[in-house]
Each structure stands twice: as structure tokens, then as C-alpha cells.
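Report on the following structure.
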Amino acid sequence: MSGILEGVKVLDFGRYIAGPFCGALLADYGAEVIRVERVDGSEDRYVTPVSKDGQGAMFLQLNRNKLGLTLNPTKDKGKEIVKKLVEKADIVIANLPEQTLKSMGLDYDKLKLINEGIILTSNTAFGTTGPYADRVGFDGVAQAMSGAMDMTGDPDQPTKAYAPYVDFCSASLAAFGTLLAYIEKQKTGKGQRVQTSLLQTALTTTNSLLIEQEILNVNRIASMNRAQTSGPSDTFQTKDGWILVQTVGKPLFERWANLMNEESWLTDERFKDDISRGDNGHLISERMSLWCAERTSKQAIEELEKSRIPVGEVLKAEETLNEEHILEKGSFIKMKYPTMEKEYSVVGPAVELSQNPGKIVKRSPELGEHNQEILSGLGYSLEEIEKLKEERII
């Protein structure tokens, strides 16, 4: 069965995460996505190198199902190739600063002169309006400015989340916006510009914190892993490891109190509602810590699960790779890369459709792997392609 987005042509000028993951999401559901890189390889190709020739783990994850093209779009012959590609494309992805888009001829005003129906999907650090529009930034900068870092970790040491969630959320929102624009194009025949920004995404994730601060002026302070608006919600050490327990709402607290043999807490004013339980979370966590210290992680999880209380073991990366449920569910797709002896695990599409689901069928491309295929499709002869290579256009 052909993918849902079969026939949709995408040019991915993205880098790092926010652009490439947007492209990967489209490619997983059948779009033809061409990843366009610098002639010597884009910088994100080599982040967290895992192969003998320096291929990066991030690139291997985020550029599956794509064709690979190297190109210098600033030279005249490179600009001509971009023009030919854009003429046939439906979507251009470019998470680049606004001035860089313009210098590369990838700003929306120039693109729509080539193809009126083109959709430009871009992601920037701060957006294209406001006093910080020309600033550059990464995931961590947005985490810092959104209030998330201040509320994470030790109150004396603002802490960034290890996983770049702002990047991945921005990419997901960009893919959502791109599909909305594509649906609109089916109605009107016209393209448009789709924008996301790291800061706007980060603010979305902390919005409830900001609303509470605005209205109540609570001035919350970080409390490590202990939640402040419900309980029990914290990490707890067992005889052989750590687990995380997370509850919200009265029914879950009632089940937990019964499990702890603390039925009197159900009528205690200190624990009357979520916010009260959050305010007195240190007492709840102390009680839970004593209970967990007498059990292994397996024993604690089994008892908590019997009471239908959300719980998970805190796993190291090696343990996650071998976790029973993750493996049996088929979360990983095993792939091979030409310069790597070992297979690697790419997580399959997180959106599961009962009909015509997404698929990961191709590894990330080697540098310039599909240059000849793509350029031949644009009408270039083998001799012309070789000349472009000699001139470092590709």
C-alpha cells in the first residue's frame, strides 16, 4: 500500500532537529523528502559520532526515509538547481535564521515567484518579529527563557532537560502546520508560509506555570523530581534502583493511601486536594520513601500496579534498549549503515494509525548518495553532474 503522503515532494534544508525531524515525520508517511546538505556535509551529520567515518547518531535517527543531495545553493549553478527543485516541490523545510534564508534565496517571497503553490515551513529560535528576531539559539536557550529550567532540578542550580524536547515538539508542530497548509492548498491552489519558533514552543509547555504565576504570584521554587501541584509524585529509591511514581487527582491518592495503610490521611486537611498534597508533598514523599526502601524495584512496581498507581522504573540507556515491553511492542526498527558494523535502533513512528500507518524503510543517506538520481531527474546528463561535482556545486 502506498503511503498517505505519496506524491508529496519535500525539500529539506533543515539542520540539527527541528527541521530534519519535521521532514522525517512527513517521509514516514510516504512523502518524497530530499535532504539537502552542504557539499562537505551539514554540521548535524556529525553530532554524536558513532561510526568510523564520524556519522552522528542524531543524523541517523532524523534522516531516515530521505534521499540525500549535496549542494552549494549560493553559487549560480547551485541556485539554478534549487530553482528546478522548487518548481517540482510542494514543500520546502528550512529551520534557518531569516537572513540566511534570504541569502540562500529560500525566503518565501522568492520561492513563490518560482512556484506559487509552494509551502515554506521554517523554524527559528525566537520567531521573525520582536526585538530578538535576529538572534540565534538552540533548544536549551528556549528552555531557559520559558521558565522550565528554573523549575527543574536543584533550586540552586537551574537544570536543562537532557532530551531536547523543545526541538522535537517544534518539529512536530511544524509537521502539523505543514499538513494544515497542504490541506488548505488543496482547496485554494495557493501555498503559504508556516512558522514555528523554539521559544513559542517552550512557552507552550510552561504556559500553566506562567498563568498561575500571573494570577497568584506564587513564585515557585524547583523541588527536584517532586511535583508541587499533586502527590505522591516523585522519584524513590528502592533496594536495587529507582522508580518514579506520579499521581494526580483524588481517586489515585485514595488508592495510594490505602496501599500505605494511611487511611487517616484521606480526611487530613493537609492532603484534601491536589494543591494541598503538592504543598505538603515532602511529607508524602517521606512516607513513600520508607515504603520503597523495603522493596526491590520489581516488588514495588508490582504492588503499585495492583493498586493501579502510575509507576515506572528509572532506566539507564542500556536498560531501555533491552526493556521487555519496549522490545515486544516493536518500538525499535533495526537498521544498518554502510560504514557501521553494528545495527542501530531507530524508534518507529510515534503516531500509530490503524489504516495505512507510517513506516521506516530506508536508512539515512550517505553524503551525496542520491546526487546522480536526483539531478538526472532534473534533466542533467552524467557529464554535467560530474562537472558540477568538480566545481563543488554538489
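The values are calculated or read from the model by the stated rules, or taken from the named source; none is laboratory data. Since the model is a prediction, treat every value here as computed from it, not as a measurement. FYI the Cβ positions are ideal-geometry reconstructions off the backbone, even for glycines, and counts take in every protein chain you see.
Filter region 91-130 down to residues that are touching a Lys or Arg at 6+ places or on another chain (Cβ under 8 Å) and aliphatic (A, V, I, L, M), then give me how many there are.
Total meeting the criteria: 7.
In this structure, is residue 75 of a type in the set (D, E, K, R) and modelled with pLDDT of 95 or more?
Considered against the rule, which asks whether it is of a type in the set (D, E, K, R) and modelled with pLDDT of 95 or more, residue 75 comes out as no.
Hey, among 180, 209, 120, which residue is more than 26 Å from residue 62 (Cβ to Cβ) and among the hydrophobic types (A, V, I, L, M, F, W, C)?
Residue meeting the stated conditions: 209.
Testing residue 336 on (1) closer than 18 Å to residue 12 by Cβ; (2) in contact with a Lys or Arg (Cβ under 8 Å, 6 or more places away or on another chain); (3) not β-branched (Val, Ile, Thr), one condition comes back false. Which one is that?
It is condition (1) that residue 336 fails.
Considering (1) of a type outside the set (Asp, Glu); (2) touching a Cys at 6+ places or on another chain (Cβ under 7 Å); (3) closer than 23 Å to residue 349 by Cβ, say which one residue 194 fails and leave the rest.
(2)
List every residue pair whose Cβ atoms sit under 6 Å apart, with the two residues 6 or more apart in sequence or on different chains, where the first one lies in region 146-172 and is of a type in the set (Asp, Glu) and the second, anywhere, is surrounded by 18 or more Cβ atoms within 10 Å (Cβ to Cβ).
Every condition considered, the pairs that remain are 167/17; 167/18; 167/139.
Given the conditions (1) loosely packed, with under 13 Cβ neighbours inside 10 Å; (2) of a type outside the set (Phe, Trp, Tyr); (3) not in a strand (DSSP E or B), and given that residue 386 satisfies all but one, which numbered condition is not satisfied?
Against the list (1) loosely packed, with under 13 Cβ neighbours inside 10 Å; (2) of a type outside the set (Phe, Trp, Tyr); (3) not in a strand (DSSP E or B), residue 386 comes up short only on (1).
Mind listing whichever residues of region 275-297 are surrounded by 14 or more Cβ atoms within 10 Å (Cβ to Cβ) and charged (D, E, K, R)?
If the condition is that a residue be surrounded by 14 or more Cβ atoms within 10 Å (Cβ to Cβ) and charged (D, E, K, R), then 277, 279, 287, 295 are the ones that fit.
When only residues in region 34-53 that are touching a residue at least 60 places away in the same chain (Cβ under 8 Å) and of a type in the set (A, V, I, L, M) count, which is nearest to residue 11 (Cα to Cα)?
34
If you check residue 326 against the conditions, is it under 23 Å from the mean Cα position of the chain (by Cα) and within 27 Å of residue 252 (Cα to Cα)?
Values: under 23 Å from the mean Cα position of the chain (by Cα): yes; within 27 Å of residue 252 (Cα to Cα): yes.
For residue 326, the condition - under 23 Å from the mean Cα position of the chain (by Cα) and within 27 Å of residue 252 (Cα to Cα) - is met.
Show me the helices (runs of 4 or more DSSP H) found entirely inside region 176-274 where at least 3 residues are loosely packed, with under 15 Cβ neighbours inside 10 Å.
207-216, 250-259
Only residues that are more than 14 Å from residue 260 (Cα to Cα) and not hydrophobic (A, V, I, L, M, F, W, C): list them for region 303-321, please.
310, 312, 313, 316, 318, 319, 320
What's the number of the only condition in (1) in contact with a strand residue (DSSP E or B) (Cβ under 6 Å, 6 or more places away or on another chain); (2) not in a loop (DSSP other than H, G, I, E, B) that residue 373 fails to meet?
Every condition holds for residue 373 apart from (1).
If I filter region 75-93 for residues that are in a loop (DSSP other than H, G, I, E, B), in contact with a Cys (Cβ under 9 Å, 6 or more places away or on another chain) and surrounded by 24 or more Cβ atoms within 10 Å (Cβ to Cβ), do I get at least one hit?
Scanning region 75-93 turns up no residue that is in a loop (DSSP other than H, G, I, E, B), in contact with a Cys (Cβ under 9 Å, 6 or more places away or on another chain) and surrounded by 24 or more Cβ atoms within 10 Å (Cβ to Cβ).
Looking at 14, 30, can you tell me which residue is of a type in the set (Gly, Ala, Ser), surrounded by fewer than 21 Cβ atoms within 10 Å (Cβ to Cβ) and part of a loop (DSSP other than H, G, I, E, B)?
Working: 14 fails: surrounded by fewer than 21 Cβ atoms within 10 Å (Cβ to Cβ).
Exactly one residue qualifies, and that residue is 30.
I need a count of the residues in region 54-84 that are touching a residue at least 60 places away in the same chain (Cβ under 8 Å) and under 30 Å from residue 350 (Cα atoms).
14
Got at least one residue in region 322-333 being within 23 Å of residue 48 (Cα to Cα), in contact with a strand residue (DSSP E or B) (Cβ under 9 Å, 6 or more places away or on another chain) and outside any loop (DSSP other than H, G, I, E, B)?
Within region 322-333 (the criterion being within 23 Å of residue 48 (Cα to Cα), in contact with a strand residue (DSSP E or B) (Cβ under 9 Å, 6 or more places away or on another chain) and outside any loop (DSSP other than H, G, I, E, B)), the answer is yes, since at least one residue qualifies.
Identify the residue in region 127-175 that is closer than 22 Å to residue 24 by Cβ and of a type in the set (A, V, I, L, M) and, among all such residues, is surrounded by the fewest Cβ atoms within 10 Å (Cβ to Cβ).
The selected residue is 163.
Would you mind telling me which numbered condition in (1) surrounded by 15 or more Cβ atoms within 10 Å (Cβ to Cβ); (2) under 31 Å from the mean Cα position of the chain (by Cα); (3) basic (Lys, Arg) residue 342 fails?
Answer for residue 342: the failing condition is (1).
Any chance region 279-296 includes a residue that's within 26 Å of the chain's Cα centre (by Cα) and either of a type outside the set (Val, Ile, Thr) or closer than 30 Å to residue 45 by Cβ (or both)?
Taking region 279-296 as the starting set, the residues that turn out to be within 26 Å of the chain's Cα centre (by Cα) are none.
Scanning region 279-296, I find no residue that is within 26 Å of the chain's Cα centre (by Cα) and either of a type outside the set (Val, Ile, Thr) or closer than 30 Å to residue 45 by Cβ (or both), so the answer is no.
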